[in-house]
Structure formats: C-alpha cells, structure tokens
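Working notes, beginning with the structure itself.
The values are calculated or read from the model by the stated rules, or taken from the named source; none is laboratory data. Fair warning: this is a prediction, and the values are worked out from it, not measured in the lab. A quick note on method: Cβ atoms are made from the backbone with ideal geometry, for glycine too, and the neighbour counts reach across all protein chains shown. The area values use the complete protein model at the heavy-atom level, side chains included, leaving out ligands, DNA and RNA. Shrake-Rupley method; radii C 1.70, N 1.55, O 1.52, S 1.80 Å.
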Amino acid sequence: MSLLPWTIYLTFAGALLAWLAGRRSPGAARAVALATALAGWGVALAAAAGFTPAAALVDLANCPWIPQLGIRYHLAADGISMTLVVLTGLAATAGVLFSWNIDERAGEFFALYLALIGGVYGVFLSADAFLFFVFYEIAIVPKYFLIAKWGSTNREYGAMKLVLYSFAGSALVLAGLLWAYAGGTGGGAGGFGAGAGGGGGAGFGLSQLAVAAAGAPYGHQVGMFALVFTGFAVLAGLFPFHTWAPTGHVAAPTGASMLLAGVVMKLGAYGCLRVGIGLFPAGLEFFQPVLVALALAGIIYAGLVALVQEDLKFVIGYSSVSHMGFVMLGLAIASPRAAGGAVLQMFSHGVIAGLLFAVVGRMVYERTHTRQLAALRALPLFRLLPFAAVVFVLAGLASMGMPGFSGFPAELAILVGAWRYSPLVALAAAAGVLVAAAFTLRAVQLSFFGATGGGGGAAADGAGGGDGTGGNGAGSGGCRAGGSDAGAAAHPFPPITWPEKAGALLLLAATLFVGLRPGFLFHWINTALESPLFQAALKGGAL
C-alpha cells in the first residue's frame, strides 16, 4: 500500500522525461512513455498483491499543505481506489501502445498524456477534498491540448466543448465543497461546521467534511449534494450532460479516446460516489428518483442514438455514454449490491471501451482512412484485417454483457440491485441491454462483415475518402480495396503491428480475467463500501 503514491510521482516525472526525450527523437519519447506507464502499473500491481481490504481508507501520506485553511496533502486508499488505480495503469500502458504511431511533436504528446495519467492517479488516491479537486483539474487541462493538436474530426470544437463542460462541472463541485467547508449560509447558527474541528470550517478532509455536512440543515445538505453531484456527473456523462462525450471521443486521437472513455469519465463517477454520495447522503435520498430516471434515460437514449449512427466511432462514443448510464444507475440506487456493481462496471467499461476505441481509431481508421459504415461495409475487412476483426468481435461480445467477460457480472449486479429497488426500473435497464446488443451487432456486421464475395469496390471508392479533417491525415480514396479477394490482394493494408497486438491482448486478458473471477474485485469493492463514509448513504439512499 505504501507504494501507491509512487504511481503519482513516477508518472509526473515520466511526463517531464518524455518531453525532454522528445527533443531527441519520437522513438525516445515513446520508449520513456511506455516505461513510465509500465512502472506506474507495476507499482499498482505490486501494491495490489499485498493489499488487505478494509472497511476504511488506509493512509498513505498525510502532512499539512495549507494549514491556515485546514488543507492537507492526504493520500489514502481502499478497495475502490485500488480497483481504479489498477485500471488506470492498465489503460495508460495500452494507450501508449496504441499511440506508437505518433511522430509529430511526440515528446509533447506523451508529456501531456502522462500528466493526465498522473492527475488521474492523484484523484483516486486523494483523501482531502481540496487535493482531490486539484488533481481533478490537472487531469482536465491536458485533454484540451491532446485533442486540439493531435485529434481529427472537428478537433478544435470537440476539445473546447469537452473542456468547457468539464470546467463548468468543476465550478459546481468547488462551490459545493466551499459551502460545506465554510459552514453554509443562513440557518446554521455559528456555522454548522464549527462543531467538527472548528476554525471557520471542518477542514477539507473527506471524513471532516462528512461530519460537518451531517450537522447542516437538511436543505443545505440537499443543496450541497446538488452542486457536487451534478458537477461530477457532467464528466461521468450523465444524461442530459452527456453531449460533450461523443464529440470528444470522435475528435480525440486514439490514445486520448482510450483514456477519455477508460479513466477520465470514471473520475466523474468516482467523484459522485466518494464525494457526492459519501458526504451528503441526505441529498441522495432527496434526489434519488430523479437520478434513477436520468440514468435510465441515458442508457436507453444513448443506445438508440448509437443504433442509427453511420460513423463507427460515434457508435462507440454513444455506446460509452449508454454503458456509463449503468454506472450512474447503480450509484443512484445506492444499495450495496448495486453500488458494488457500479464500481465493477467502471473497471469493465474502462477496459472494453478502451479496446473498442483502439480497434476503430488505430487498427481500422489509420489504415482505411474512413469510419463511415457505408464505406467499411464494402470492404472485406474480416479478410484484410483478421486480427482487428477478431478483437472487435470479442470486444463487442464483452460490451453486450456476454458471460465470461467483465461486463456480465457488473451489469448483473446492477440489475439485481435495480430489481430490489423497483422491478420496473430493472426492466427498463434490461431493455437498454437489448439495445446495446442491437447496436453492437449492427456495428460488427457493417464494419467487418458487410462485404460478401464480390463487388463493392465502387462503393468503397465513392465513400472511402476524407472522413476526418485533422491530424490523422485522412485522404481521399483511402479505401480502394474492393469486396473481392482479388481486390484485397491488390490493395493490402499494413499489417497489425506488435504494439497494437500487445495492447489489445492486455485489454482482452483483463476483461476475461475479471469476467471469470469477478469475486476478486468484488471482495475489494464490497469491503470498502462497508466503511462509515458510505454506510449512511447506502442505508439512507436505498430506502
């Protein structure tokens, strides 16, 4: 456990080294980035190997930072933190492997990439709300530059929209935290935080703020929860605040798309759980029916939109929003089973969505220069790119919740918790699973198995060019292979590279391992949910 802070320190140091190495050569920057990502993941796995789950946060580092305001550099971890830290290391490593083709200003790309990862590690390990907020902001800033500089379709628009939504959510979070710290306004005589450690507030420790908020008038608790939960829910992609997500996913380069879906959206969901629900259980109880309805709307609406998309990356982007709806549903229901399923779904979605974006963005788009299903269906991609086809099919099965993959136990736990909350809610969520199967099978069929024996070459020529406008260099006429085997032989695509294969196999191994042994992570997660910080919400919120 004491090793975990080094995930932060090594990653930020690696960001500096990658920037310096990039001034020498792109290859040096890539090597430093891969070594850093592997080191961070290795530290996380080493800590996990010796981890004993406990129903409380275990201190890793705790020292004064801004003592005048009660702000401390306080790092701590429990089973939920450990699960997401391991996910971050895995996503970071796979993302570097799928960014192996970055040559333009590679040092700057990987420096920003690793800075984002360092911020994510910091969020998952912070036990001080102000420190949590600082790391949260650090993780947001690099996203803009990664998308605006190295992205593709509408990259400037996508980057700006993502960052504006993120900073708007951050402002709500900060307002809620300051309200809790300062003791509120109006009805609390002397400030309700004074009884929890005093000095104009309780300090910014999560446990201190929880005690301070518990002493607040009911209306204040509801208001604080509304600000904090909504602010985090924006980044988690909760309907109707989700619109930044598909645009950002499509605009981002492959590695950044993987991080955005794999870990950045989890920051929002983790903040909803750790800060919003953990600190303000009365607010959860008040807003629970609304949050359940919004989560269901996100599952079904985003799934239906994915079903009619003609851009393959938009299909995956809306799929990501739909699956994050299951996370938000589990958190909103707030029973131990549903909340545990929501955390496992964070891990599962991080792996599966990252794999889908890797196949679409790197294996397919970088070779065919199109993501349009009308163009891809004219190509026999199952023959031209058999490895990509196999990986996409397996990732699609995992995304649909097929038994044996990590999505199955996660969604099953959420659905069981939903049934105990309300059978109608469970049935509505199950309808979302059916929609997910429909848009996933459609995407698999049209993108990889659309061409049958012959013909189709003209359609490919007509639809294949110029899908993207940005840094990935989409060119007209990029998809000139016809539907026949002769056309495929005449215009072969570059083979799948070893970094791509290694990254795909890592992610597939992770979803299979958790799918076959979900109890491994459930033990960590469920023990953490027994902590006093969560019990008030899980008992009060579940009703």
Quiz item: Does Pro289 count as more than 21 Å from the chain's Cα centre (by Cα) and without any contact (Cβ under 8 Å) to a residue 40 or more places away in the chain?
Solution: yes
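Which of the following residues is more than 30 Å from Thr497 (Cα to Cα), touching a residue at least 24 places away in the same chain (Cβ under 8 Å) and of a type in the set (Val, Ile, Thr): Val134, Val96, Val58, Val163? Show your work before the answer.
Values: Val134 fails: touching a residue at least 24 places away in the same chain (Cβ under 8 Å); Val96 fails: more than 30 Å from Thr497 (Cα to Cα); Val163 fails: touching a residue at least 24 places away in the same chain (Cβ under 8 Å).
The match here is Val58.
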Quiz prompt | Within region 12-34, considering residues that are aliphatic (A, V, I, L, M) and open to solvent by 60 Å² or more (accessible area, probe 1.4 Å), the one nearest to Leu533 (Cα to Cα) | solution = Leu16
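Yes/no matrix, rows are residues, columns are (1) at pLDDT below 90; (2) among the charged types (D, E, K, R):
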residue: Ala334; (1), (2): yes, no
residue: Phe357; (1), (2): no, no
residue: Arg362; (1), (2): yes, yes
residue: His369; (1), (2): yes, no
Quiz item: Residues in region 36-74 that are under 17 Å from Tyr9 (Cα atoms), aliphatic (A, V, I, L, M) and surrounded by fewer than 24 Cβ atoms within 10 Å (Cβ to Cβ): how many?
Solution: 8
Quiz prompt | Lone unmet requirement of (1) out of contact with any Asp or Glu (no Cβ under 7 Å at 6 or more places or on another chain); (2) within 27 Å of Pro499 (Cα to Cα) for Leu373 | solution = (1)
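Out of all the residues in region 146-168, which are among the aromatic types (Phe, Trp, Tyr) and more than 15 Å from Val250 (Cα to Cα)?
Residues of region 146-168 that are among the aromatic types (Phe, Trp, Tyr), as a first pass: 150, 157, 165, 167.
Across region 146-168, the qualifying residues are Tyr165, Phe167.
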Quiz prompt | Scope region 432-450; condition among the small types (Gly, Ala, Ser) and either part of a loop (DSSP other than H, G, I, E, B) or buried (at least 19 other Cβ atoms within 10 Å of the Cβ) (or both); matching residues | solution = Gly432, Ala436, Ala443, Ser447, Gly450
Exercise. Select from region 390-414 the residues that are without any contact (Cβ under 8 Å) to a residue 60 or more places away in the chain and over 18 Å from the mean Cα position of the chain (by Cα) and write down the one among them that is surrounded by the most Cβ atoms within 10 Å (Cβ to Cβ).
Key: Phe392
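Each row is one residue, and each column tells you yes or no for (1) of a type outside the set (D, E, K, R); (2) modelled with pLDDT under 90; (3) under 29 Å from Pro532 (Cα atoms); (4) outside any helix (DSSP H, G or I).
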residue	(1), (2), (3), (4)
Leu84	yes, no, yes, no
Gly95	yes, no, no, no
Leu116	yes, no, no, no
Ser152	yes, yes, no, yes
Self-check item: Filter result (among the small types (Gly, Ala, Ser) and closer than 23 Å to Phe232 by Cα) within region 300-329
Solution: Ala302, Gly303, Gly317, Ser319, Ser320, Ser322, Gly325
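Can you confirm whether Ala282 is of a type in the set (Gly, Ala, Ser) and open to solvent by 10 Å² or more (accessible area, probe 1.4 Å)? Step through it out loud before you land on a result.
Details: of a type in the set (Gly, Ala, Ser): yes; open to solvent by 10 Å² or more (accessible area, probe 1.4 Å): yes.
Yes: the conditions hold for Ala282.
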Quiz item: Do you know which residues across region 217-237 are open to solvent by 10 Å² or more (accessible area, probe 1.4 Å) and either among the charged types (D, E, K, R) or part of a loop (DSSP other than H, G, I, E, B) (or both)?
Solution: Pro217
